[in-house]
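Here's the structure, in structure tokens; my notes come after.
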Amino acid sequence: MSAATVAVQHATIRQYAKRLQLATLGGQFAQVAEQAVKEKKSHLSYLEALLEAEVEERERNTVARRIRDARIEKVSEIFRKALQHFGHVPFRKDEYNLWVGRIPNRNTLETVVLSTEANLSKRDIQEHAKYLFAMIRSRFESFDKDDSYNRQRWEDRWHGYNLPNPIEVKHVTSIVARLVLCSLERIPRGRVAGALPSYTADENGQVLSLSTSVNVSYQKSLPASISVCVMDGIKSTSSAIEKSQELKTIFH
């Protein structure tokens, strides 16, 4: 069999493995095949070794993913407790809220969006910032007593969140909103600045700010102060506790 034919076969197998999401098989089949030839193993033995490698790698990935998810939940819990200690209250019906806010006075609606992930891409940061504005607008929506259609639409979009209360925003004339991004991995500051080019970063690049206006209804726009706080490189529980306390300085 010519080298060109072998190369085509290898490329085809890698493509099939990719489509079937068999990453280990696609990366090791050639090496395992060479080893099988040297050891004069049968086709079934070769297939067994290849599938065994795939299963072992998936099991390792599953364990790693569970450990990562547990760390993310622990970090989220620490930051949620810190925010609640600072006077914020949940917008969600369940206790594991990611969205919290408070009204320090009747004229200012203050909200915080907390998101914890293993890492954050440029697109992730942009999507979180976009969602922050959507969440702000959602708190100003109102429904007539018999308007079950729009009420259901709201609940479908914001499943698990408390319905907006007109009293909550009746006298609001300004908005203070903060997006807290917690990442287990370090986020390059250039990535954050590139994701939010309209924002102004502080000297450390940890907090980015924007003064703008938000259309909260058809004919109503309110001035808004938006901040994005980056809490990254959270490697341990003690690190999460330390960084969560930094929010007190950033927020006040």
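Here segment 158-184 is the region considered, the condition is being at pLDDT below 90 and of a type in the set (D, E, K, R), and the residue that is surrounded by the most Cβ atoms within 10 Å (Cβ to Cβ) is E168. The helices (runs of 4 or more DSSP H) found entirely in segment 1-92 that carry 2 or more residues being within 30 Å of the chain's Cα centre (by Cα) and within 30 Å of V113 (Cα to Cα) are 43-85.
Quick one: in segment 132-157, of everything that is farther than 20 Å from S225 by Cα and aromatic (F, W, Y), which residue is surrounded by the fewest Cβ atoms within 10 Å (Cβ to Cβ)? Selected residue: Y149. Selection over segment 160-188 of residues that are closer than 17 Å to S115 by Cα and over 16 Å from the mean Cα position of the chain (by Cα) gives a count of 3. Taken over segment 193-215, the residue count meeting the criterion of being assigned to a helix (DSSP H, G or I) and either aromatic (F, W, Y) or in contact (Cβ under 8 Å) with a residue 40 or more places away in the chain (or both) is 2. Any residue that is farther than 30 Å from P90 by Cβ, outside the structural domain of S238 (by TED's automatic domain parsing) and surrounded by 11 or more Cβ atoms within 10 Å (Cβ to Cβ) - is there at least one of those in segment 59-70? Yes.
The values are calculated or read from the model by the stated rules, or taken from the named source; none is laboratory data. On a predicted model such as this, the values are computed, not experimentally measured, just so you know. As a convention, Cβ positions derive from the backbone with ideal geometry for all residues, glycine included, and neighbour counts pool all protein chains shown.
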